[in-house]
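Throughout, read-outs are computed from the coordinates displayed, never taken from laboratory work. These numbers were taken from a predicted model, which means no experiment stands behind them. Heads up, the Cβs are rebuilt from the backbone with ideal geometry, glycines too, and the neighbour counts pull from every protein chain shown.
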Amino acid sequence: MTSPLTPDELVERARGLADAAEREGGRRILGIAGPPGAGKSTLAAHLTAALGPRAALVPMDGHHLADAVLRAHGSLGRKGAPDTFDAHGYAALLHRLRTPHPGETVYAPAFDREVEQPVAGSLPVSPGTPLIVTEGNYLLLDEEPWPMLRPLLDEVWWVELPDAERVRRLIARHERFGKPPGEARGFVLRSDEANARRVAPGRQLADLVVEFEPGPAPAP
């Protein structure tokens with residue numbers, strides 16, 4: 001369904017997942033999906049900040065393959081495409097996060113945008129955290145091996161933004177992290193937008209559609 005919910009109401013829905021985890025034991029995982037530049041990371045950060053120690057953010061981007069691997073595969077120019085991620089490693093992490101063990105902290109990988117590389121063991125998740133928020137383009141992608149993710153997620157929300165604004169933000173992001181304007185625009189139109197078209201059917205599989213309005217580009 002399309003969400004008329006305010007940011008505060010979205011927080012309350014996420015809080016309900018944390019409450020359920022604490023009542024029933026175990027842990028809940030909320031996925032935030034959508035095309036590149038739609039605002040997934042912004043929403044995920046908002047939810048986890050609002051819930052404090054009751055939620056941990058573990059993005060899919062930590063499972064980017066390193067540039068050296070992509071270069072060896074000839075896929076560095078398509079960085080961000082589905083096959084440039086370790087999907088099975090990501091699924092294994094979600095399996096592990098679903099079943100916390102007393103006293104065991106899980107250290108998840110992050111993605112450093114300054115160097116555009118994954119960084120192992122960067123995100124500690126304590127065993128008492130009832131809600132994991134994870135976000136990424138391919139949580140609802142209906143292409144192997146990505147469908148294995150959906151059973152690991154208790155809810156998946158789809159985030160969307162008008163395409164013109166989404167593209168503008170993507171170009172600005174690439175420029176902010178070092179690409180010249182022409183190169184940034186070319187990469188977005190060639191790679192990011194191809195990925196956006198690829199994931200679009202996933203919108204129909206989401207539990208909730210969150211529509212963002214155009215406005216100032218958020219911080220990454």
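If you take all other residues with their beta carbon under 15 Å from the beta carbon of L140, and give Lys and Arg +1 and Asp and Glu -1, the sum is -3. For the chain, the mean residue ellipticity at 222 nm estimated from helices alone is -10500 deg cm²/dmol, where every DSSP H run of n ≥ 4 contributes -39500 (n - 2.57) and the total is divided by all residues, rounded to the nearest 500. Taking a sphere under 10 Å around the Cβ of R113 and counting the other residues whose Cβ falls inside, with K and R at +1 and D and E at -1, yields a net charge of -2. Between 0 and 90 degrees, the angle of helix 40-51 with respect to the longest Cα principal axis of the chain falls at about 30 degrees.
Taking G34, G16, G52 as the candidate residues, the one with maximal mean-square fluctuation in a Gaussian network model of the chain, Cα springs under 10 Å, is G52. Put the Cα centre of region 128-181 next to the Cα centre of region 86-114 and the gap is 17 Å.
Taking the Cβ of P127 as the center, what net charge do the other residues with Cβ under 15 Å away carry, scoring Lys and Arg +1 and Asp and Glu -1?
Taking every Cβ under 15 Å from that of P127, the sum is +3.
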